[in-house]
Amino acid sequence: MAAAMSKSDALVLDPARSIGRRPVRRPMPKLWLLVLPASLFFLIFFILPVASLLGMSFNKTIPGVLGFSSALTLDNYVRIFTRSLYFDAIFRSVGIGVLVSLVCLLLGYPLAYVIARTKVPARVTVLTILVLSSMQLDMVIRLYGLMVLLGDNGLINQMLLASGLVSAPLHLMYNTFGVVVGLVQVTLPFMIMSLIGVIRQIPPSFEEAARSLGASRAAAFRHVALPLSMPGILSGSLLVFAMSISSYVVPALMGGWKVLVLPIHVYQQIAEAGRWQFGAAIAAVLFLTSLLAVIVYDRAAAYIAGGRS
Amino acid sequence: MTEIRLDTLTKRYGTSTAVDGIDLTIGEGEFFSLLGPSGCGKSTTLRMIAGFVTPSAGRILLGDDDVTALPPEARDIGIVFQNYAIFPHMNVAANIAFGLKMRKVGKAEIDKRVREVLAQVGLEGYENRYSRELSGGEQQRVALARVLVTRPRILLLDEPLSALDKNMREEMKFWIKDLQKSLGITTVYVTHDQDEALTMSDRIGVMERSRLVQVGTPEEIYERPATLFVTGFIGHSNLIDVTARPETEGHCRVHFAGADFSARVRGALDKETPAQLAVRPENVIVDAETLPDGVVAFPAKVVSETYQGPIVRYRIDIQGTTITAERQNQAHRPRLAVGDAVLAGWDPARCETLLR
Ligand SMILES: Nc1ncnc2c1ncn2[C@@H]1O[C@H](COP(=O)(O)OP(=O)(O)O)[C@@H](O)[C@H]1O
Ligand SMILES: [Mg+2]
């Protein structure tokens, strides 16, 4: 019995056989059982609510009314794309997402490079813990810490004023700057972890070979390390971009409701005005923007991979 | 054609020493192997010559140039790595052109030299392939072509054959050696494989625990190992406990199993002292009846026999000391049987006395 079972396992799990000409004789019910709980959870608690929200976005907006009706309209979408208040928010969100990705990349790459290239295991552990430790505290608590630092009466301004460098406090939060700083703080570890994973895959001998072939340190980086880091740069940027444009908490706390990005509009429409249908439409636009970024990422990744095949 | 000189070259990592005061001159056009077990400091030495590791002390000279303080890109050195390090995002032509581009060579000249070097390494038509479309041997050739196209002063190779399967390794051994000789380029070859070192090298430097312990031609290293370590590392040897007494310069009087004979020794000894006599199995002569003149012979007994095709290996007991002998498996020599009483011995001129 046990022997028969392991034989059928091997038959199905061997990719050469399942892809080859011979058809797989028996399906694998056991594997299905393994993915079933997660699939069910995903379906009930993610697909279903998102789909119903998406459906509602095609209903006429009636404050306080929650639920899907079969009378469909594009009114909500027309409103988003014709009112600059909402239309601008799309570009504001995308712009902040791109900016945060770039800042994370510039800050994260050197650190990721050092961690990936460090040979002493203890040092790698310490550096990795340092990177991840920022994720140990809840985001809201970390943001309050940031506010203590950046506020008009915060540490930075106190020091600047005391040193006489400025005569009036700099406005470091409740604006786009504060939102970007907050988002970078939240997303930087994800960028760094993505980069470390990829840079570690690049054997140091590649850069050494470039050096002894006559490349300066900078040239070896530009011609070898950078192009080979591209997969990590892309996936890290996508992750950071998606997290940034969908973040509500950071713009709410660090932007003080003054930086009107898409998630703030969604919250205002639904939680404050009870306009579920319109809020759903903004959420749908946000989702499509993310999707677009994934497609751009996919094209870029395929383009880079294409150069190698 | 450039001579390499290492002057008390040393590398310390914290409290441990990876390379300890190496003094060495490698001649113009010479194929020099650094041979030693893993961790003995071969790669560190090579990487100091290449400029990837900064020496803690000592100097590196290429010809008359002191390159100790130069960065790798200014040294004009070709290095081939164990993993070949073919850039995976560039095709073969772009890989080979890389060094020329860094030297700002013109496009037409680059194309011409890439074509020439590909012909030289037998890879015509491979221009547009990527590293993952190449076999290990082909990657090896591309790595060499990429280096040679820049006409470096010296060539460094770090275990370049260890990633290949056995047949390919045999082929590449001779291919690399021939290429090196035809170019006449001074070459340092790092390996832990004694066969590679013995087959390919003009001279070998044996390293043990961060020190260079013996430098010599393959024959010198094999026939006259300087230390117990070299004896054990290169080929197999019987190490026979004997007592040695002073004799002439370079020789000592060896006493073993009731016999007294003269054998070579390095260093001087001033009184009778226990020592070990190193005798290669192929130099142990065993026969049922008589041994040739000049051979010290002992009555012995065959303990076991191992048939290995071209050779037959015997374990022989000489008054309680068991040694290994190898005999060519030739038709005119009858095989010996286990338990046979035989004569066994060796030519003292082919033995080395090792003092502790
Ligand atoms: N970057 C380094 N940091 C600390 N120790 C090192 C470093 N590189 C090499 N070593 C040590 O130096 C010794 C020699 O290493 P290596 O030259 O690579 O030996 P081999 O090439 O002969 O196998 C080893 O003990 C190794 O652990
Ligand atoms: Mg090594």
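The values are calculated or read from the model by the stated rules, or taken from the named source; none is laboratory data. Owing to the predicted nature of the structure, the values given are computational and were not obtained by experimental measurement. Cβ atoms come from the backbone with ideal geometry, glycine included; neighbour counts cover every protein chain shown. Heavy atoms of the whole protein, side chains included, go into the accessibility calculation; ligands, DNA and RNA do not. Shrake-Rupley method; radii C 1.70, N 1.55, O 1.52, S 1.80 Å.
The residue of the range B:1-60 that is surrounded by the most Cβ atoms within 10 Å (Cβ to Cβ), among those that are among the hydroxyl-bearing types (Ser, Thr, Tyr) and either assigned to a helix (DSSP H, G or I) or under 18 Å from the mean Cα position of the chain (by Cα) (or both), is B:Thr45.
If you check A:Ile233 against the conditions, is it β-branched (Val, Ile, Thr), surrounded by 17 or more Cβ atoms within 10 Å (Cβ to Cβ) and within 11 Å of chain B (Cβ to nearest Cβ)? Criteria not met by A:Ile233. Against the list (1) within 12 Å of chain A (Cβ to nearest Cβ); (2) open to solvent by 10 Å² or more (accessible area, probe 1.4 Å); (3) hydrophobic (A, V, I, L, M, F, W, C), the condition B:Ala108 fails is (1). If you check B:Gln214, B:Gln276 for being within 30 Å of B:Gly21 (Cβ to Cβ) and modelled with pLDDT under 95, only one passes: B:Gln276. Selection of the range B:142-193 for residues being away from chain A (no Cβ under 14 Å) and of a type in the set (Asp, Glu) yields B:Asp165, B:Glu170, B:Glu171, B:Asp178, B:Asp193. Residues of the range B:36-89 that are away from ligand 1 (no atom under 11 Å from the Cβ) and among the basic types (Lys, Arg): B:Arg59, B:Arg75. The single condition among (1) within 8 Å of chain A (Cβ to nearest Cβ); (2) surrounded by fewer than 23 Cβ atoms within 10 Å (Cβ to Cβ); (3) more than 16 Å from ligand 2 (Cβ to nearest atom); (4) not in a helix (DSSP H, G or I) that B:Met90 does not satisfy is (1). In the set (1) open to solvent by 20 Å² or more (accessible area, probe 1.4 Å); (2) touching a residue at least 24 places away in the same chain (Cβ under 8 Å); (3) away from ligand 2 (no atom under 16 Å from the Cβ); (4) touching a strand residue (DSSP E or B) at 6+ places or on another chain (Cβ under 9 Å), B:Thr199 fails one condition alone, (4). Only a single criterion out of (1) within 16 Å of ligand 2 (Cβ to nearest atom); (2) over 22 Å from B:Thr186 (Cβ atoms); (3) more than 13 Å from chain A (Cβ to nearest Cβ) is not satisfied by B:Gly41, namely (2). Tell me, please, whether a residue that is more than 21 Å from the chain's Cα centre (by Cα), of a type in the set (Ser, Thr, Tyr) and under 30 Å from A:Gly182 (Cβ atoms) can be found in the range A:122-130. For the range A:122-130, residues more than 21 Å from the chain's Cα centre (by Cα), of a type in the set (Ser, Thr, Tyr) and under 30 Å from A:Gly182 (Cβ atoms): present.
Might you check whether a residue that is at pLDDT below 90, in a helix (DSSP H, G or I) and not acidic (Asp, Glu) occurs anywhere in the range A:85-108?
No, every residue in the range A:85-108 fails to be at pLDDT below 90, in a helix (DSSP H, G or I) and not acidic (Asp, Glu).
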